[in-house]
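Worksheet: the structure to be examined is printed underneath.
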Amino acid sequence: MEQSFAGPAILVEGLTKSFGDVHALRGIDLSVPRGTVLGVLGPNGAGKTTAVRILTTLLRPDGGRALVEGHDVVREASAVRRSIGLAGQSAAIQIELTGRENLEIIGRLYHLGRAASKARATELLEQFDLTEAADRAAKTFSGGMQRRLDLAASLVGQPQVLFLDEPTTGLDPRSRLGMWEVIRSLVAGGTTLLLTTQYLDEADELADEIVVIDHGEVIAAGTSTELKGRVGGDVLEFTVPDRPRVGDAVAAVTKLAEGEPHIDEGTGVVSVPVGVNGSDALIQSVRSLDEAGIETSGLGLRRPSLDDVFLALTGHAAEEEDADTGGKRRRGRRKGQPEAEKAGRASS
Amino acid sequence: MTAIAIQPAPGAPGLVTRARWAVSDTLTISKRNLLVWARVPAYIVFTVIQPVMFVLMFRYVFGGAIKVNVPGGYVNFLMPGILGQTAAFACFGTAISLAQELKKGVIDRFRSMPMARSAVLAGRLVADTGRMTVTILIVIGVGYAVGFRFINGVGPAIGMVVLAIFLGIACCLIAAFTGLAIGDEESVQAFGLIWLFPVTFLSSAFVPISTMPGWLQAFANNQPITFVIDAMRGMALGGSIATPLWKAIAWLVGIFVVFAPLAVRAYKRAA
């Protein structure tokens, strides 16, 4: 029966969950066909982790329903557990144990038997390029290696559906690219994947379909190309090295804008949606900025990125940090504020 | 049609298989926990060296100032108290490990796997009980080296060790609940100090309660650690056992009945 089940690998209808007064999920719908990758994109506190926790049977929803491989996550939780793998936001490995021991223990807990557990561990260590380090304590691993080991652990049971909750959060750019490689090869093997991320480029790179979540609701869905089409046009972008003059620069180009200009406070990069009049806008902006006596660098036109999409959809940038989340990294587990505290995005 | 509906889903294990898995998963988890314990020098210091230091300190530093009326003198009075405290303090490890596993997402992973739901807690208790038993035996050895003797026979001596272990398990259950409910390593540690130090030191463990001020005696005379240690002392040295033992058993059973379900519930809801 499991084999002949023909519906989507993941089906979510009207899912709601509240923690006290905080409405983490306000009725979301998702459908993920077999063998595809759904990217769930949203800022901190959007409800991404809550959705993953419900789909992996860790949390009971308040309303709606969720099916994984045709099994209800509440009523048939143990059947769901037999078909899924989960890698959460932190590497859920025991750092005192070796890479191999970590995987073998997981194998035993999947009831693979001693020999099969050993074989599976060796196979996964090979696949994730950890063979050389396999017999060292995992605490000697780099952050990227720990995350790869964690991902390997989520695959010990050969899941049909894999959930990755922010798999590259906190990784340096090189490890991040390494993770992408690994994830791509998994997907090529036919695994259905649900991936949450707050990185737009990550969703762009890995996902077949993207769902944008904000404040517990799906605010947009589609392919990366479809979502970019929503912005409809080019984006003028430049950097103002003399930071105090950023405001003047924005004022100088406001008349060209077809949408709200966006200033990245961290980098001083100004992005202005200019619609279809890209080249005209470019020429005029050079004049206006020159007349205002403002120096810029890297002035140019580009196709809209998912950042622009997010900005257009929500009115705020996707990767904007809340002022009150600058403290130490914690998993969003306190009742009442499920995701609000998981700051910890590596500063870029 | 109804016959099909009540059949378990394909791949769902039967009752016997599930029971077998509950046992094997528990053993896997406890083996894993002991392996972790053996790899961390700090854990070994806390579980072995700390109680040994307590023995030496009370035997040679404070002991001379404490007058007791038991056969064999203060070292014989002290050892059942130290052993009770050692068993109770073993639960620090339980609470801290569970809080760490919760924070790192290890418990999330286990809960998302098709393993026995009881195994993480049961395996933790099995491993911690084993660890505690080893510590107790080492401390008894050190006690013998500094002059302690069981003077009531082998049977009661074994009974004393068993009672200490049950006290330890009861404390581990409380700690498992607090570790999972609080979920933050430092807070769990602080909370452990707040309840464990008073209940072990404000008891008959180290000094005769009659030397305490009256208001403190009222507490010390009526709290479970005192009952357990009085019973242990009776078993080790002779003297009245029955009264403190029944009270000790009643308390321990009470703790099991209250905290086992609380710990299980905290595990199921762990987030």
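The values are calculated or read from the model by the stated rules, or taken from the named source; none is laboratory data. Since the model is a prediction, treat every value here as computed from it, not as a measurement. Please note: Cβ atoms are built from the backbone with ideal geometry, for glycine as well, and neighbour counts cover all protein chains shown.
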- [ ] Would you mind telling me which numbered condition in (1) away from every other protein chain (no Cβ under 14 Å); (2) part of a loop (DSSP other than H, G, I, E, B) residue A:29 fails?
- [x] (2)
Task: Counted residues, segment B:147-191 - those being more than 14 Å from chain A (Cβ to nearest Cβ) and not hydrophobic (A, V, I, L, M, F, W, C) - done: 10
TODO: Kindly list, by first and then second residue, each pair from a residue in segment B:110-138 that is on the phi < 0 side of the Ramachandran plot and at the interface with chain A (Cβ under 10 Å from one of its Cβ atoms) to a residue that is crowded, with 19+ Cβ neighbours inside 10 Å and not in a helix (DSSP H, G or I), limited to pairs with Cβ atoms under 6 Å and residues at least 6 apart or on different chains.
DONE: B:111/A:58; B:112/A:56; B:112/A:86
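Table: residues versus (1) more than 14 Å from chain B (Cβ to nearest Cβ); (2) under 20 Å from residue B:104 (Cβ atoms).
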{"position": "A:111", "(1), (2)": "no, no"}
{"position": "A:122", "(1), (2)": "yes, no"}
{"position": "A:134", "(1), (2)": "yes, no"}
{"position": "A:147", "(1), (2)": "no, yes"}
{"position": "A:151", "(1), (2)": "no, yes"}
{"position": "A:160", "(1), (2)": "no, no"}
{"position": "A:165", "(1), (2)": "no, yes"}
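Here is a yes/no grid of residues against (1) in a helix (DSSP H, G or I); (2) touching a Ser or Thr at 6+ places or on another chain (Cβ under 7 Å); (3) free of Cβ contacts under 8 Å to residues at least 12 places away in the same chain:
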{"position": "B:18", "(1), (2), (3)": "yes, no, no"}
{"position": "B:29", "(1), (2), (3)": "yes, no, no"}
{"position": "B:37", "(1), (2), (3)": "yes, no, no"}
{"position": "B:45", "(1), (2), (3)": "yes, no, yes"}
{"position": "B:58", "(1), (2), (3)": "yes, no, no"}
{"position": "B:64", "(1), (2), (3)": "yes, no, yes"}
{"position": "B:95", "(1), (2), (3)": "yes, yes, no"}
{"position": "B:103", "(1), (2), (3)": "yes, no, no"}
{"position": "B:107", "(1), (2), (3)": "yes, no, no"}
Open item on the list: Go through segment A:69-89 and report how many residues are assigned to a loop (DSSP other than H, G, I, E, B) and at the interface with another protein chain (Cβ under 9 Å from one of its Cβ atoms).
Closed with: 3
TODO: Kindly list, by first and then second residue, each pair from a residue in segment A:156-169 that is assigned by TED's automatic domain parsing to the domain that holds residue A:35 to a residue that is basic (Lys, Arg) and in a loop (DSSP other than H, G, I, E, B), limited to pairs with Cβ atoms under 7 Å and residues at least 6 apart or on different chains.
DONE: A:169/A:345
Open item on the list: The conditions are (1) surrounded by fewer than 21 Cβ atoms within 10 Å (Cβ to Cβ); (2) closer than 30 Å to residue A:164 by Cα, and residue B:112 fails exactly one of them. Which is it?
Closed with: (1)
Task: Criterion violated by residue B:144 - all others in (1) within 14 Å of another protein chain (Cβ to nearest Cβ); (2) over 19 Å from the mean Cα position of the chain (by Cα); (3) assigned to a helix (DSSP H, G or I) satisfied - done: (1)
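Could you tell me whether any residue of segment A:158-168 is under 22 Å from residue B:28 (Cα atoms) and in contact with a Leu (Cβ under 9 Å, 6 or more places away or on another chain)?
Our first condition is that a residue be under 22 Å from residue B:28 (Cα atoms); within segment A:158-168, this holds for A:158-159.
Narrowing the set further to residues that are in contact with a Leu (Cβ under 9 Å, 6 or more places away or on another chain) leaves A:159.
So far as segment A:158-168 goes, yes, one or more of its residues are under 22 Å from residue B:28 (Cα atoms) and in contact with a Leu (Cβ under 9 Å, 6 or more places away or on another chain).
For a quick check of your reading: which helices (runs of 4 or more DSSP H) sit entirely within segment A:90-194 and have at least 2 residues that are among the acidic types (Asp, Glu) and modelled with pLDDT of 95 or more? Step through it out loud before you land on a result.
On the way: elements: A:99-109, A:114-127, A:143-154, A:173-188.
In segment A:90-194, A:99-109 are the helices (runs of 4 or more DSSP H) which contain 2 or more residues that are among the acidic types (Asp, Glu) and modelled with pLDDT of 95 or more.
Every residue in segment A:40-62 that is part of a strand (DSSP E or B) and either modelled with pLDDT of 95 or more or among the β-branched types (Val, Ile, Thr) (or both), please. Let's see the steps before the verdict.
Initial filter on segment A:40-62 (part of a strand (DSSP E or B)): A:40-41.
Within segment A:40-62, A:40 is the sole residue that qualifies.
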